[in-house]
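Please treat every number below as a calculation from the coordinates, not as lab data. The structure presented is a predicted model; accordingly, all values stated were derived computationally and were not measured. Virtual Cβ from ideal backbone geometry, glycine too; neighbours counted across all protein chains shown.
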């Protein structure tokens with residue numbers, strides 16, 4: 001991310017995970033908004049411009065990769081990073097999504113703060 005004033009979208013159904021990401025990003029000078037489900041993320045995308053979105057792979061109302069497709073429909077330029085404790089980086093679905101450019105990166109849970117900062121700067 002070139003400009004720290006650009007918004008980051010955090011989508012995870014675990015409020016504690018959102019809180020941890022928000023505070024880590026804030027400490028590093030990034031602004032963020034959170035959504036606890038896919039519908040909330042779509043609403044936020046329709047009214048804000050995000051540079052990066054960190055998406056949980058498993059949400060209560062939609063699968064993360066399907067949400068990634070919907071967010072791309074709204075803003076084809078958004079940089080999407082999947083965060084998951086369910087999938088692994090070498091999972092076929094994740095590899096396919098990365099190959100087709102749907103997602104730019106993948107981070108497994110639990111994650112290291114440096115992984116998040118590295119992903120946001122891609």
**OP:** Mind checking the full-extension length gain between residue 93 and residue 13? Use 0.36 nm per residue of separation minus the Cα-Cα distance, one decimal, nm.
**Re:** 26.7 nm
Subject >> By average C-beta atoms within 10 angstrom, highest first, the peptides 93-101, 41-49 >> reply: 41-49, 93-101
Original post:
Hey, of (1) 22, 19, 14; (2) 19, 16, 15; (3) 42, 16, 13, which did the structure itself give for semi-axes √(5λ) of the Cα gyration tensor in Å when calculated?
Top reply: (2)
Subject >> Part-to-part distance (alpha-carbon centres) for the stretch 57-122 and the stretch 34-54, which is given in Å >> reply: 14 Å
